[in-house]
Each structure stands twice: as structure tokens, then as C-alpha cells.
Amino acid sequence: MKSTKPHPRIDAFDELTHLDQAEAGDFHMPAEWATLARVWVTRPHNDETWPNCLPEAQQQWDLWIEAMRPFVEVADTRQLGIDTNDSWIRDYGPIFVKANDADGTSAAGTKALHDFHFNGWGGKYETRDLDDTAPQHIARQLNLPLWLHDMTLEGGSIEVNGQGTVMTTEQCLLNPNRNPHLSREQIIAELHQALGTRHVIWLPGGIIGDDTDGHIDDIARFVNPTTVLAIRAEHGHPDFEVLDRNRQALTAARDQDGRQLEIIDLPVPEPILYNFPADRFGPGGVNPVPASYANFLIANKAVFVPVFAQKTDQRALDIIAAAMPKHTVVPIRAEFLVVGLGALHCLSQQEPA
């Protein structure tokens, strides 16, 4: 299917191994808690993304990377010579999939990756062709086959349980600034073919301050095939209404086998405001940032949780620890990272073992 803009290609594009769409049915995207080979990252480097706080954001990022290394290998694109416009590799980076075993899942087998078109979150920012071609460079580094898609899709907009369900938001995937030429049914078909899923859970939308048009990784996350951690605000909070609608949708939702989900509420911090430059996307001036405890990263035996020097931090950590008792919960200060309008999950992309 054709996008409104073709996907850019690297000079060595013809040297890559390209798979056709029919082969996608033999692969699936594992859940994040599956064993990982490595986590891909890009160190913060764009001072327009972190206005007046890039050094502080880099320091928080460095501490997070140091905390991750005992649990998982970390690969930084910039250290490997891959140039990028920005650091949100969750959204522009590769989506890794594994070959299916006979039971339709996979414990071991061939890996491949999907390279979807990235248009800067609906064209909100300048052209980002370096970001858009990063998965091709990674495929070349790893000598992995890939599918190239003209469809626009960001990794932060999807969440899988590894058994056939993908969770996303209507605000993002059905937004006309992504794929205006595709119907809802066509988008669902593309998701299922690429991710190896067969069931979609749709939530209405995302939180204030999120420039991605409602990415799922700021609002609701699977921690096992039938359990979802979802942020929920109290009456009077600016995000109360949309999160209440999300909660209703989750309560009514079922997984791919018709099982009811267990929904565990995560708190939200008090609104965190930052004084952005006047030329920043949007109105500039004092605006909220999308601080969310749901933007955690699961990496092998650990779960890395952004915290914001808020009174709700410890409560969120305790809830995540109880929901994932076999994992070590590691808090990572992120009040400067989130000025870039994302946190740990947005700044990482997992590669399965």
C-alpha cells in the first residue's frame, strides 16, 4: 500500500535482504518480557528537543544506560555510526519479529525486522529522513532481513501481549495525519500481517502534553498476556476524562481468546510544566510534559520505571513490583528526559534473543 510520501532508502538499500509481504505470516512480534538480545538506544543529542536542559537529560540517560547494562546488552546507534535526527528510537527504529514455532509462538528461530515509514508524528516537525532510515542501517549491521513499509507507524503506538493481541489508540492510528489513504480495516490488516496478531484492543486516546497523538506506551501496558497496567487519574486532573474512557474500554476488552483482562491502575503524577521556547511546536511558553509511569521498559529480569521526584513515584513503583514479582524494579529519574516529550520506553527499542 502506498503512503502519501515514499519511504526513503539508504545508499546500500539494494544490498539488504528484502522479504515480501507473504512471508510476514511466518513471524510474530514477541512480548517485551520475552528474553532480549539487546536494547537499541540513541543518546539525546538534539538541543531543540531538550531546550535549555540537554546536559541534564544526557546525564539522566547515562545513569539509565549504566543501570541497564547488568541486565541486557545496550547498543547505541551513534556509537555504531548511524546518524539520526533525534533519539526517539521506539518510534522510528525497527520493529523486530521472530519466526514462529509450530505452535505459532517462538522460543528460538530466525529474526527479521519491519521498517515502517516515520513522518515525525504526523508531520509536526521537520523532515526526519535520518530517523526514517535508521532501521535499514540496523538491518545491515545485524545482517537481518527486513520488510520496508510505506505505511506510517511508530513503535510507541502499539503494544502486544505476544499471543495474538495488539493494543493501540484510535487517536493515533486512525489519525488522518498518519495514513489518510487507509481505512480502519486496512490498518488492522497491516498490523496483523506485520505483528503476527489477530485481535486489536482499541483505546480512545492519550494524555495531555503528548505530541504523538496518543501513544499507547504512555497510557496502558501489558505485563503478562492478560494483565494490563493502565494509568488512571483522579477527578479534577486534566487527564481524568480520557483516562476514564480508556478504563471503560479496557474493562470491556477481551484478549485474542476471549478472556477478560485484569486491569491494574497506575497513578499519575501531578501535572509537570516546562517553559518551552516560543518557537517550539505548539504555543511555546509554559506547557505540560507527558510524564507517565507507564513509559517503563521491561528488559530481561528488570523493569526500568521513569520517576519524576513526585509523591506518587513510590506508589507507582510498588504497584509495578507487585504486578511483576519476578523482575527487579529500577527507578530512573526522568524529569529532564520527559522535557523531550517522552521517557524510557520512547527512548528504547528491544531486540528479542
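The values are calculated or read from the model by the stated rules, or taken from the named source; none is laboratory data. Note that the coordinates shown come from a computational prediction; the quantities given were computed from them, not determined experimentally. Heads up, the Cβs are rebuilt from the backbone with ideal geometry, glycines too, and the neighbour counts pull from every protein chain shown. Just the protein is used for accessible areas: all its heavy atoms, side chains included, with ligands, DNA and RNA removed. Shrake-Rupley method; radii C 1.70, N 1.55, O 1.52, S 1.80 Å.
Listed values, structure above:
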| item | result |
| --- | --- |
| Asn52 touching a Gly at 6+ places or on another chain (Cβ under 9 Å), assigned to a loop (DSSP other than H, G, I, E, B) and open to solvent by 20 Å² or more (accessible area, probe 1.4 Å) | no |
| Some residue of the stretch 58-74 being within 27 Å of Phe308 (Cβ to Cβ) and touching a Gly at 6+ places or on another chain (Cβ under 9 Å) | no |
| Within the stretch 122-137, considering residues that are open to solvent by less than 30 Å² (accessible area, probe 1.4 Å) and out of contact with any Lys or Arg (no Cβ under 9 Å at 6 or more places or on another chain), the one farthest from Thr17 (Cα to Cα) | Arg128 |
| Pick from the stretch 138-152, criterion assigned to a loop (DSSP other than H, G, I, E, B) and touching a strand residue (DSSP E or B) at 6+ places or on another chain (Cβ under 6 Å), ranking: surrounded by the fewest Cβ atoms within 10 Å (Cβ to Cβ) | Pro145 |
| Yes/no for Val339 being outside any loop (DSSP other than H, G, I, E, B), of a type in the set (A, V, I, L, M, F, W, C), open to solvent by 50 Å² or more (accessible area, probe 1.4 Å) and within 18 Å of Asn52 (Cβ to Cβ) | no |
| Strands (runs of 3 or more DSSP E) (entirely within the stretch 203-306) containing at least 3 residues that are modelled with pLDDT of 95 or more and open to solvent by 10 Å² or more (accessible area, probe 1.4 Å) | 262-266 |
| Some residue of the stretch 311-328 being closer than 22 Å to Arg90 by Cα, under 19 Å from the mean Cα position of the chain (by Cα) and touching a residue at least 40 places away in the same chain (Cβ under 8 Å) | yes |
